[in-house]
1. Tell me which residues, restricted to the range B:100-117, are loosely packed, with under 14 Cβ neighbours inside 10 Å and outside any helix (DSSP H, G or I).
2. Which number in (1) touching a Ser or Thr at 6+ places or on another chain (Cβ under 8 Å); (2) of a type outside the set (G, A, S); (3) exposed (fewer than 15 other Cβ atoms within 10 Å of the Cβ) marks the one condition that A:F48 misses?
3. I'd like the full set of residues that are part of a helix (DSSP H, G or I) and within 23 Å of B:Q159 (Cβ to Cβ), limited to the range B:241-268.
4. Restricting the range B:270-314 to residues that are within 20 Å of B:L260 (Cβ to Cβ) and charged (D, E, K, R), which is nearest to the other protein chains (Cβ to nearest Cβ)?
5. Out of A:D147, A:D90, A:D127, report the one residue that is free of Cβ contacts under 8 Å to residues at least 24 places away in the same chain and either buried (at least 22 other Cβ atoms within 10 Å of the Cβ) or within 30 Å of A:R157 (Cα to Cα) (or both).
6. How many of the residues in the range B:89-117 are of a type in the set (F, W, Y) and within 12 Å of another protein chain (Cβ to nearest Cβ)?
7. Considering only the range B:123-159, state which residues are more than 30 Å from B:A170 (Cβ to Cβ), without any contact (Cβ under 8 Å) to a residue 24 or more places away in the chain and either within 14 Å of chain A (Cβ to nearest Cβ) or assigned to a helix (DSSP H, G or I) (or both).
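Every read-out reported here was derived from the displayed coordinates using simple, explicitly stated rules and does not represent laboratory data. As the structure is a computational prediction, the values presented were derived from the model and not from experiment. Methodologically, a virtual Cβ is constructed for each residue, glycine included, from the backbone with ideal geometry; neighbour enumeration extends over all protein chains shown.
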Amino acid sequence: MSQKRYILVIDSRKCINCKACIVACRAENRVPLGHSRDRINEERRGSFPVLLATFEPEQCHHCENPSCVRVCPTGASHRRDDGIVLVTDDTCIGCRYCMVSCPYNARFFREDRGVVEKCSLCSHRLDRGELPACVQTCPSKVRACGDIADPESEVSRLLDKREYRVKNPQTGNAPQIYYLL
Amino acid sequence: MPHIEWGFLIVNYLFLGGLSAGLFFVSAFALYLQQKDPAYERLARYSALLAPWPVALGSSLLILDLGNWYRFYVLFLHFRWQSPMSIGSWLLVLFTGITLVYLWSWLPQDHRTGLLRRLKLPPSLNRELSHLRPLLAAIGFPFSIGVAIYTGVLLGAVQARPFWNTNLVAQMFLFSALSSGCAVLILVLSLRPKLLEPAQIRFLYMLDIFLITLEFFIVLPYLIHGQLSVQAVRDSLELILGGPFTVAFWLLFLGLGLLLPLLIEIFETVPALFSKAEIHHNRRLAVLNAALVLFGGYMLRYIFVYAGQISAFR
């Protein structure tokens, strides 16, 4: 079997800003109040009656060339072979260089434990063959997570037939959240 | 909105690390000149005695800034050449070690004996190392430059922050660090007039004029090149060109911390430049000048640490 490569595909236009993904993530990963591993960027344009509101879910982009992993002095931030970028609690010294280096502000500092935390793409669930909590819970089916190396997977099929973009590719991080257009 | 993660502890540390690097640099330079003129020995000695302390204090602040300060040893279980912080922490430890041995080599016999007795260390450590001074200075010299450069590379190597992401930051920090080392010596020599020899002050002024000029001609291209760069860099420069750090940058750093001391130093050394006359050397002016240089160095690091973290790709 070939090596898996997990990515996230997001169809922002379906997002209704219900924030169920944030709540599900908090419950699944015991994220402390005051922080969250995912967020929804809101943008409002125009004035009544010509208005536009857009909602764009965002979290760690699990970059192929992650700057957080490069700058980490202890190797606590690392990228698994299946593309998931993780922080090992035990070796994180809390220097926060990764937070400063992340172009997507996808990380936060956990004051109670003195370590940096971020979206793990629910690697523990993926390893069991389940979907990440945010993907599982989304009521309007904004999110898809799967193996881009498998041409039959949902994410591969979505990217085959739809146009998409990634955020700020100019940073050179090769982000792996694909936003459908 | 990006969050400020690195605060004043980091600003202080970058400043203090650079200060030690500057002091060691001046000491090694003066030791070299001492071969021709023994008057330089005092300069080399004072800077050698001062050099280890700022970096030791700065490293302690750095450790205190960690989320888990007691895990700092994990830094030394790894060497990751792609991480400026990993390279930097090794550089810092080695540099601090060298500055301490170098300091030891400058201590007279009775001071060493007294120190060993007070620290309850075996008297066999009481070795005369003065013959090793040139060797230690030669080994430490690249480390001092390395520490000074690394404080800038730490910021400059971050692609996500357009305000930092240029090698000019490292050069700016290097010359600012060396210049602040000069300033500390000018301050010490001017506050204790009996130590004063005009030749030493003249040497320090000349060296500092050289360093400040270099720094100025790096700040200038930083601004020009930034304006000619991609949109994200131009946007980030707005922070100092018309944003929250404009006064800090133009008035406090560039005006009071760089150009005013440059003018004072040129004014003081003009007589010595064009004739064999001695420099003016007004002591109060020298103290003011040194304080301004140190203030400017501190402001530079404050502006870069804070403004850099606010800058981002939009």
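1. B:P108
2. So A:F48 meets the others, but not (1).
3. First, the residues of the range B:241-268 that are part of a helix (DSSP H, G or I): B:241, B:246-268.
B:L241, B:F249, listed by residue number.
4. This residue is B:R301.
5. Values: A:D147 fails: free of Cβ contacts under 8 Å to residues at least 24 places away in the same chain; A:D90 fails: either buried (at least 22 other Cβ atoms within 10 Å of the Cβ) or within 30 Å of A:R157 (Cα to Cα) (or both).
Exactly one of A:D147, A:D90, A:D127 is free of Cβ contacts under 8 Å to residues at least 24 places away in the same chain and either buried (at least 22 other Cβ atoms within 10 Å of the Cβ) or within 30 Å of A:R157 (Cα to Cα) (or both), namely A:D127.
6. Step one: of the range B:89-117, the residues of a type in the set (F, W, Y) are B:90, B:95, B:102, B:104, B:106.
Imposing the further condition that a residue be within 12 Å of another protein chain (Cβ to nearest Cβ) reduces the set to B:90.
Counting residues in the range B:89-117 that are of a type in the set (F, W, Y) and within 12 Å of another protein chain (Cβ to nearest Cβ) gives 1.
7. First pass over the range B:123-159, keeping only residues more than 30 Å from B:A170 (Cβ to Cβ): B:123-132.
Those left that are additionally without any contact (Cβ under 8 Å) to a residue 24 or more places away in the chain: B:123-128, B:131.
Passing the criteria: B:P123, B:S124, B:L125, B:H131.
Conditions (1) more than 15 Å from the chain's Cα centre (by Cα); (2) within 18 Å of B:W6 (Cα to Cα), marked per residue:
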{"site": "A:E43", "(1), (2)": "yes, no"}
{"site": "A:Q59", "(1), (2)": "no, no"}
{"site": "A:V71", "(1), (2)": "yes, yes"}
{"site": "A:A76", "(1), (2)": "yes, no"}
{"site": "A:D81", "(1), (2)": "yes, no"}
{"site": "A:V87", "(1), (2)": "no, no"}
{"site": "A:D90", "(1), (2)": "yes, no"}
{"site": "A:R110", "(1), (2)": "yes, yes"}
{"site": "A:R113", "(1), (2)": "yes, yes"}
